[in-house]
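Take a look at the structure set out below.
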Amino acid sequence: MTWTGKRVLVTGGLGFLGSNLTRALVAEGATVRVLDALLDLYGGNRFNLEGVDAQVFVGDIRDADVVSRAVEGVDVVFHIAAQTSHVDSMSDPYTDLDMNCRGNLIVLDAVRRQGARLVYAGTRGQYGRLAYVPVDEKHPSNPTDIYGIHKQAAEQQCFLWGRVHGFPVTSLRINNTYGPRHQMKHGKYGILNWFIRLAMENRPITVYEPGQQLRDYNYIDDVTEAFLLAGSRNEAVGEAFNLGSGSSIRFVDLVDEIVKAAGTGKRVMIPWPKDREVIEVGDYLADISKIEQFLGWRPRVGLEDGLARTVAFYQAHQEEYWS
Ligand SMILES: NC(=O)c1ccc[n+]([C@@H]2O[C@H](COP(=O)([O-])OP(=O)(O)OC[C@H]3O[C@@H](n4cnc5c(N)ncnc54)[C@H](O)[C@@H]3O)[C@@H](O)[C@H]2O)c1
């Protein structure tokens, strides 16, 4: 399938993943609509789509009227808008439920009426603490926080509604992602991006000791490419796919790489705070053989290259992201 002439909706399209995807879709010839509530604390930022020919609806996925209007006439919906903070999901579980499950059902019902194709933005958090690494898509779901539980429930809502009502669904279980157009105002989520800001400002970067847990990161362009394949290839329909880099790095080493890329900043080790320790998932490494086999996707941007590109982007556009 080519994107030329396709009509697409991206929920959360002013945020990090959504805006990078919107830019790629427009470049590929799609007609793109974006639905985003521009909520405080989240990554919505009008600058993310500056100069991009996309129609923006400012509205909430929990508002059935605006969702209906946004979905009307589209061929493919990328449902990316969500409550994204693991920590906030534990202090305010009802908001997480409202956005990530009830809001998801509102989007699904509009997709059902339209008969559009759906790609859902899932998360590695659906697995929780791993029984084995690398984690494949058959690993049991055992989330360590409310966010992971609701994202898992929402993915199941998507597959169920698609099966019962006959529309195509794909889920990407997205890994930690970094790169241009992420929010850089706080470290509540997207910690790697936040650490890049701290390093660029030559501030200390605190790591919970001993920081030996394995992590797996993707550069945003690779995630965007996975979305494009998930929304266009027949082999993707009815499937959930892990994203990952194919290799892991210890958290302390990651921080040292960030400091190296920025040329400033400093790692400082501190004990684990209680609210973080209880939701910590331990080592994480994704098995990405399924998406490679089904869709031919493999990440192309390595950590050193990705960090250099990210630092260069924020050096050039700091004033749009720092406050
Ligand atoms: N970034 C990552 O590392 C990562 C990892 C795993 C999964 N994900 C998933 O990817 C998705 C997007 O993450 P992101 O990093 O781009 O976050 P982001 O905050 O940059 O983007 C989310 C966008 O959704 C919008 N939004 C939030 N709630 C909304 C609502 N109720 N109605 C309408 N718009 C709303 C926000 O304004 C924001 O622009 C989420 O579903 C998240 O669970 C992200």
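The values are calculated or read from the model by the stated rules, or taken from the named source; none is laboratory data. On a predicted model such as this, the values are computed, not experimentally measured, just so you know. Here the Cβ positions follow ideal geometry from the backbone for every residue, glycine too, while neighbour counts run over all protein chains shown. Quick note on the areas: whole protein, heavy atoms, side chains included, nothing else; ligands and nucleic acids left out. Shrake-Rupley method; radii C 1.70, N 1.55, O 1.52, S 1.80 Å.
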Interchain or long-range residues, amide H under 5 Å from Gly128's placed H:
Asn142, Thr144
When the Cα centres of region 224-293 and region 139-182 are compared, how far apart do they sit, in Å?
16
Return the single residue from Gly44, Gly13, Gly282 with maximal mean-square fluctuation; model: Gaussian network over the chain, springs between Cα atoms under 10 Å.
Gly282
Roll a 1.4 angstrom probe over the protein heavy atoms and tell me the percent of accessible area of region 50-90 that is carbon or sulfur.
45
Roughly speaking, to the nearest percent, how much of region 178-241's 1.4 Å accessible area is carbon and sulfur?
46
What whole-number distance in Å separates the alpha-carbon centres of region 78-134 and region 21-72?
17
Please say if the chain is rounded, prolate or oblate, where rounded means a/c under 1.5 for a ≥ b ≥ c the square roots of the C-alpha gyration tensor eigenvalues, and otherwise the choice is prolate for a/b larger than b/c and oblate otherwise?
prolate
Cross-link list Lys188/Lys290; Lys6/Lys185; Lys185/Lys260; Lys151/Lys274; Lys185/Lys274: which exceed 25 angstrom alpha carbon to alpha carbon?
Lys188/Lys290; Lys6/Lys185
Using only Cα atoms and rounding to the nearest 10 degrees, what angle (0 to 90) does helix 303-321 make with the longest principal axis of the chain?
80
Does region 61-166 classify as rounded, prolate or oblate by the C-alpha gyration tensor (a ≥ b ≥ c root eigenvalues; a/c under 1.5 gives rounded; else a/b over b/c gives prolate, otherwise oblate)?
oblate
In the chain, what percentage of the DSSP-assigned beta bridges are antiparallel, given to the nearest 5?
5
Given springs between every Cα pair under 10 Å in a Gaussian network model of the chain, which of Val111, Val169, Val74 has the largest fluctuation?
Val74
What accessible area per residue comes out for the chain, rounded to a whole number of Å², with a 1.4 Å probe?
41
Which one of Leu118, Pro140, Asn175 is farthest out on the positive end of the charge dipole of the chain, using unit charges on Cβ (Lys, Arg +1; Asp, Glu -1) and the Cα centre as origin?
Leu118
Thr206's amide H: which non-local residues (gap 5+, or another chain) put their own amide H closer than 5 Å, with H modeled 1.01 Å from N in plane and none for Pro or chain starts?
Val268
Taking the Cα of Ser323, stepping 7 Å toward and past its beta carbon, and measuring to each backbone N in region 160-199: which are under 14 Å?
185
Along the charge dipole of region 173-323, pointing to its positive end and built from +1/-1 on Cβ of Lys, Arg, Asp and Glu, which listed residue (Ala312, Ile291, Gly246) has its Cα farthest out?
Ala312
Dipole-positive endmost among Asn100, Gly128, Ala81 within region 34-166 (Cβ charges, Cα centre)
Gly128
Identify which of Asp92, Asp145, Asp136 has the largest mean-square fluctuation in a Gaussian network model of the chain, with springs joining Cα atoms closer than 10 Å.
Asp92
